[in-house]
Each structure stands twice: as C-alpha cells, then as structure tokens.
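Coordinate-derived values only; no laboratory data. These numbers come from a predicted model, not from an experiment. Cβ: placed from backbone, ideal geometry, glycine included. Neighbour counts: every protein chain shown.
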Amino acid sequence: MLEILQERKLQVFEKGVDEYAIECGKASAAGSVSQRACVFCGSRVVLYPVADAIHLVHGPIGCAAYTWDIRGSMSSGVELHRLSFSTDIQENEVIYGGEKKLYASLMELIEEYKPAAAFVYCTCIIGLIGDDVDAVCARVEREVGIPVIAVHSEGFKGTKKDGYRAACEALFKLLDKDNESPISPYAINIMGEFNLAGETWLIKDYYQKMGVEIATCFTGDGRVSEIGRAHRAKLNVVQCAGSMTYLAKMMQEKYGIPFIRVSYFGIEDMSKALYDVAEFFNNETIMSRTQNLVRSEVSKLLPELEEYKKDLAGRKAAIYVGGSFKAFSLVKALRHLGMETVVVGSQTGSPEDYDYLKEITNEGTIICDDSNPLELSRFILEKGADILIGGVKERPIAYKMGIGFCDHNHERKIALAGFSGMLNFAKEVHATVTSPVWKFSPARIKAKTEKNPNT
Ligand code: SF4
C-alpha cells in the first residue's frame, strides 16, 4: 500500500477514486526528493540553445554540471552553447566578493570567442554574497558593445518555473534591436522549441511549406540577431507553455503580438499546430497548402504505425515529464499505438493543465504533481505499467522496476516531434516495451513470483 507524505496528499489524484482537488505550483515538500531541478537549471535549459552567445555560470563549479553535453540541442552553425564556462567561485570570492572575477572572466571570454551576446547565470551563492551582477554586466556591455545580460536564477529562490521566468526576462532584453531586415506579413515566432535532435528544422520546414516565415525560434538553433527582430512577427506560437508563456505575455503587452499554445508531438497535436497558424492568417493559399501537407504526412504515417500497434495494443504507460503540455500529447500519441496511460504527472503543471489531463485520461489513472522516485515506483507497480516515459532522472526508476523507458526530455538524440517524430516514437516505444531483457530483471521476477508463487 502506497504511503504518500501528508503534505503531498493533495498533489496526487486517482481518477474515479479520489475527489478532484489537485494542488500544484508550490514549493517541493521537504523529504520528498523531488524530481524537479533548481531555478538556475530552469533558466539554463531555456536559454542554452542560443548558440552564438556565451553562457557563463557565475558560481561554484558544481553548478556548471548542467552542460550542453547532457542536452541534445543542435546548431546549424556556431556552437558556443556547447562550451561550458564558470567563474568557479571559491572561498576567497565568498569572503571578498566575486565581482572582479566575473568582470575578468567576461572580458577574457568575449575577447577569445567574439560572441553576439553573453548570459551570466546567478547561482545560489551569488544571491547569498550579494554580488552586483547587473552592474558588472552593464559595465562590460558598455566597454565591449554587445548585450551582456544578468540572469537572476539563484537556485534557492523558487521552483524551476521561476528559472523559466528569469530566462524570459533575459530574452526580452534582446528584442527590438532589428527594425530594418525584410519580414513577411506571414511571419511567426516559434517559442519553446529547443531543436533537440534537429526538431526545430523539421517544424520550420512544415511552416515554410505552408508559406509562413519564421522570424525567430526562441531558442532552438537560436541567434541573437534573429531574436532582435522577433518583435515584428505577427504571431507567437508557444510550445512548452510552462517555460515561454511569460515571454509571450510580455510581447503581447508591449508589441501587441497575440500567442497560441501548441504541441508538436503526436498526430493530432502536430496537425493542430499547423492548422491553428493557418487559421490565424486566414489565407486560402496557406490553408490549402496546410491541408495538403497534413494529408500527405498522415497518410504515409498511419500504415507504418499499424505495424507497431500489433505488439503494443493493450500495453500500459506511465508518463512523468517537465511540463504538462507534452503529457497531453503523449496520452494521445500512445492511444494511436493502442496503449493506455495509467500514470501521468509533471514537475510544473498548472491547475488548468491537470483539469485537462483529468478530462483526457481513463478512469483509474493516477495524476500527480511534483512527484518523487518512491511514489513513481509504487504507481508503476500498482498500475502495472510496461513503460515509463520521462527524462534522465526517471530512467533509473524504470530500469529498477524492470520496465521499458523512453527518453522524452532534453537529453535525447532522436527527433520525436513532427510526423516523422511520431514514427520514431513508435519505434522507440516498441523496441523498449518488447525487449526480452525485462524478463531477467529482479523486480519483474519478484513481481511474477508474488503473483504466482508456484511458478
Ligand atoms: S541549487 Fe544552487 S548550488 Fe545547486 S545547482 Fe542550483 S544554483 Fe547551483
């Protein structure tokens, strides 16, 4: 029987069993060993794909462990984002302040790498010792003539969501720099698409086939100069709503650019992301190109999915991801493979997100906010999931439980967005769920023995 910490009881809901009143958006309960990362990590995942900027972590070297090499964000050219820089704050700076070291580090890095901008990430210790990072950044900016932006992402000051907000505030400072370059009346900004395994290129290609221009992609394969023209686009198209809605709202307020929320995962949501943009522009040519594109992609894809569905039908899945929008798409995508979602949760979902998850899942599904490894393991056992879909921190949970795992987070190297991504997803899920290796897993053997003591 699962024991849930008293403080977390309202963050877990079983459809058809509990009265619905899920709590979310609050600090993680002490002792829960949350799967969430810190504020700094939230900022870093959002800003990191800006490939022609340097990303300097102002703090002890340990914070700099969140590097490109645990992420799959690709660039079509310059790759400064793959280099990890840290001011390596030590005892001396903790006592006497780290501003001098920060200034020297910035000057040296800018001289060496000639970046288009620099982001300086404030970590916990910087918040504690009180370095005036804004003043140092302003001084360097004046002296070298490129944007040098302090990202106020001190790890202790909230949840990962506060890191997203700090990243949005940093990006906002790069807007409105280019009012000259030509731009189409059908230009959009893509937001919350991080070019993992080249997914931004795939999505850009769909929109371009429809006749829509991408003014900029925040921040996949990002360039500082492109962000500088984003304020002239007609529409912001927001994926990963948890991280980017804040920036979309700021742009709506200042520049009058409306925004829509989309997801590029699964057949329905990918198609809807294209149709919603076509409808926004209310242009017959764009709409007819969209219809042709979707028809052609879906008619190729469906027969191929049928092959995987034969083995996957009736299997059960657990999902635990950063933002809930991805979870919505995964529940639907798994249905296309004949699979049922029995556990679904996220690190940063909002009340509206959980309302929607409740609506689209079956009776008996466990919905959880800001879960921990113990809970997830128990939910997987209780509900008999055959696969856990999550990120790098969830992988060991799946393997210890002796079930399949699909990496759907920033670390992955396989494109799962778009129509071709749906096929890759089916292949990944199929390969892991049907792998013969699980029959040798101690957890599976134990579960089987407990069920049938005479075998
Ligand atoms: S919690 Fe603080 S010390 Fe830890 S990684 Fe985040 S910023 Fe660094």
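So if each residue of separation counts as 0.36 nm, and I subtract the Cα-Cα distance between residue 374 and residue 313, what length gain in nm does that give?
19.2 nm
Can you give the % of DSSP beta bridges in the chain that are antiparallel, to the nearest 5?
In the chain, approximately 10 percent of DSSP beta bridges are antiparallel ones.
Please list, ordered by chain and number, the residues whose modelled amide H lies under 5 Å from the amide H of residue 405; skip anything fewer than 5 residues away on the same chain.
Answer set, sorted by chain and number: 388.
Out of residues 5 or more away from residue 235 or on other chains, whose amide H comes under 5 Å of its own, with H placed 1.01 Å from N in the peptide plane?
The answer is 189.
Please give the Cα centre distance for segment 377-424 versus segment 31-80, rounded to the nearest Å.
Comparing the Cα centres of segment 377-424 and segment 31-80, I get a distance of 22 Å.
First measure r as the distance between the Cβ atoms of residue 440 and residue 112, then evaluate 1/(1 + (r/R0)^6) with R0 = 51 Å and state the FRET efficiency to the nearest 0.05.
Using R0 = 51 Å, I get an efficiency of 0.50.
List the lysines whose Cα sits under 22 Å from the Cα of residue 100, skipping any in the same chain fewer than 8 residues away.
114
Based on alpha-carbon centroids, what's the gap between segment 430-455 and segment 84-153 in Å, whole number please?
The two parts, judged by their Cα centres, are 52 Å apart.
So what is the 222 nm mean residue ellipticity for the chain from helices alone, if each DSSP H run of at least 4 adds -39500 (n - 2.57) and you divide by all residues, rounding to the nearest 500 deg cm²/dmol?
-14000 deg cm²/dmol
For segment 212-225, take each phi angle, set θ = phi - 60°, evaluate the Karplus expression 6.51 cos²θ - 1.76 cosθ + 1.60, and give the result in whole Hz per residue in order, putting x for glycine and proline.
Taking θ as phi minus 60°, the curve returns 9, 8, 9, 5, 7, 10, 7, 10, x, 6, x, 10, 4, 5 Hz for segment 212-225.
Please work out how much length the chain gains when fully extended from residue 76 to residue 276, using 0.36 nm per residue of separation minus the C-alpha to C-alpha distance, in nm with one decimal.
69.3 nm
Lys pairs in segment 187-292, Cα-Cα under 25 Å, at least 8 apart or on separate chains: how many?
9
So if R0 is 41 Å, what FRET efficiency would residue 143 and residue 30 give, r being the distance between their Cβ atoms, rounded to the nearest 0.05?
So the FRET efficiency works out to roughly 0.40.
Would you order 437, 212 from fewest to most other beta-carbon atoms within 10 Å of each residue's own beta-carbon?
437, 212
Quick check: residue separation of residue 177 and residue 358 times 0.36 nm, minus the Cα distance between them. What number comes out in nm?
Full extension of this stretch gives 60.8 nm more.
Report the label-to-label distance for residue 253 and residue 6 in nanometres (one decimal), using points 7 Å from each Cα along the Cα→Cβ vector.
4.0
P(r) for segment 211-252, please, calculated from all Cα pair distances in 10 Å bins and given in %.
With a bin width of 10 Å, the distribution comes to 27, 62, 11.
From the backbone phi of segment 130-146, what are the Karplus-calculated ³J(HN,Hα) couplings (6.51 cos²θ - 1.76 cosθ + 1.60, θ = phi - 60°) in whole Hz, Gly and Pro given as x?
x, 4, 8, 5, 4, 5, 5, 4, 4, 5, 5, 4, 4, 6, 10, x, 10
By its C-alpha gyration tensor, with a ≥ b ≥ c as the square roots of the eigenvalues, how is the chain shaped: rounded for a/c under 1.5, else prolate for a/b larger than b/c, else oblate?
Taking the square roots of the gyration eigenvalues as a ≥ b ≥ c, the chain is oblate.
So what is Rg over Rh here for segment 187-292, counting just Cα atoms and using Kirkwood for Rh?
0.93
So what J values fall out for segment 297-307 if you push phi through Karplus, 6.51 cos²θ - 1.76 cosθ + 1.60 with θ = phi - 60°, rounded to Hz, Gly and Pro as x?
5, 5, 5, 6, 6, 4, x, 5, 5, 4, 4
Assuming a ≥ b ≥ c are the square roots of the Cα gyration tensor eigenvalues, decide whether segment 37-118 counts as rounded (a/c under 1.5), prolate (otherwise, with a/b larger than b/c) or oblate.
Here segment 37-118 falls in the oblate category.
Quick one: what do you get for segment 309-451 if you divide its Cα Rg by 2.2 N^0.38 Å?
Here the answer is 0.98, to two decimals.
According to the Cα gyration tensor, what semi-axes, each the square root of 5 times an eigenvalue, does the equivalent ellipsoid of segment 39-172 have, listed from largest to smallest in whole Å?
Square roots of five times the eigenvalues give 20, 18, 14 Å.
Please list the non-local residues whose amide H lies under 5 Å from the amide H of residue 392, H modeled 1.01 Å from N, same-chain partners needing a gap of 5 or more.
Placed amide hydrogens put 411 under 5 Å from residue 392.
Taking R0 as 25 Å, what's the FRET efficiency between residue 450 and residue 18 from their Cβ-Cβ distance, rounded to 0.05?
Working from the Cβ atoms, E equals 0.45.
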